[in-house]
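Read the structure below first, then the notes.
Where a number appears in this text, it was derived from the coordinates with a stated rule and is not lab data. In this text, all values refer to a predicted model and were calculated from it rather than measured experimentally. Virtual Cβ from ideal backbone geometry, glycine too; neighbours counted across all protein chains shown.
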Amino acid sequence: MKVFVTGVNGQLGHDVMNELAKRGYEGVGSDLAPEYAGVADGSSVTKAPYVSLDITDAKAVDKVISEVNPDVIVHCAAWTAVDMAEDDDKVAAVRKVNVDGTQNIANVAKKLDAPMVYLSTDYVFDGQGTTPWEPDFKGYKPLNVYGETKLGGEEAVANTLDKYFIVRIAWVFGVNGSNFIKTMLKVGSNHDEVKVVSDQIGTPTYTFDLSRLLLDMIETDKYGYYHATNSELPATESGYDENGTKTGYISWYDFTKEIYRQAGYKTKVTPVTTEEYGLSKAVRPFNSRLDKSKLEENGFKPLPTWTDAISRYLDILKDDGFFDDLKK
């Protein structure tokens, strides 16, 4: 199986390429840069075939992907800078990448009769209430430009193709790029106290675990909409496990507390409301709970718990000298 992967200089594309290699599939990576520009970790992606591609250039997309002639396309490339997307001078560019770029790729997928994987977000919903969002719920009401354009990308895929996986994820972290865990470890290393939002609820997604699920998916024809994050800790009466870690869905505050617990930080974590925090330009959803039951209903293995994901991720950061660099 030959798979064309966009956005390999990002967190997820990097891990998808490596998972393809592990399974003996042929991965062809692409991104905007003239050559692979992600983390130089010596993993398979750093040595794999790579083509430079601007997904907003319809002719180039058609030419490059048609020449590769993949069996499947995994579309990880996106504009993901949520706050910057709100700038008046950026809105058209965001739409060009997330909507038009996705349409360009869907058009080639249709021409080649290749299934397509499109990564999306809970930001397509309005973020209200406490009920987990189901993958096939169609009451879309994005709160910001990023959410609007990711929904536009979903519609481009669903209206063009029959063979697609639209997979919504949340709170993403991986080795190849910046993310919440790295940010909080840096901040916590030189502050006695950090204030973190406690009224936005969801679950994190580790790209290493997600990439394995995406490959499980493309080995089947169980197309459709899915939600995928790491699993929540099983519910307890107190709402916490033996380590004092929140069970069920969590807040960014709970996430930070567990990161610091596992990393051995003594930094005080203080919960604040979104309103008190008040730093972001884009409106953020309060309810990012994603219902993932459709995965198991279709025979897919759920992702490991988010606490397990943090543990494995911190081990990689330690091995990579991340904590040593913080001390410099």
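Note on Lys141 and Lys163: the model spin-label points, each 7 Å out from Cα along the C-beta direction, lie 3.7 nm apart.
Restricting the calculation to alpha carbons of the stretch 76-170 gives Rg and Dmax of 13.3, 41 angstrom. The orientation-averaged projection of the convex hull spanning the C-alpha atoms of the stretch 22-133 amounts to 9.6 square nanometres. Amide H contacts of Gly248: Leu233, Ala235, each under 5 Å away and 5 or more positions distant or on a separate chain (H built 1.01 Å from N in the peptide plane; Pro and chain starts excluded). Cβ-Cβ distance of Asp113 and Asp89, R₀ of 51 Å, FRET efficiency by 1/(1 + (r/R0)^6): the value works out to about 0.85. Given axes a ≥ b ≥ c from the Cα gyration tensor, I'd like to know whether the stretch 167-217 is rounded (a/c under 1.5), prolate (a/b larger than b/c) or oblate. Oblate, since a/c reaches 1.5 and b/c is not below a/b. For Ser238, Ser231, Ser189, the sequence from fewest to most other C-beta atoms within 10 Å is Ser238, Ser189, Ser231.
Close amide H partners of Ser120, meaning residues 5 or more places away or on another chain with modelled amide H under 5 Å apart, are Val167, Arg168, Ile169. Other residues whose C-beta falls under 12 angstrom from the C-beta of Asn176 contribute a net charge of -3, scoring Lys and Arg +1 and Asp and Glu -1. On the basis of the beta-carbon distance and an R0 of 45 Å, Val187 and Glu219 show a calculated FRET efficiency of 0.65. Close amide H partners of Gly27, meaning residues 5 or more places away or on another chain with modelled amide H under 5 Å apart, are Val3.
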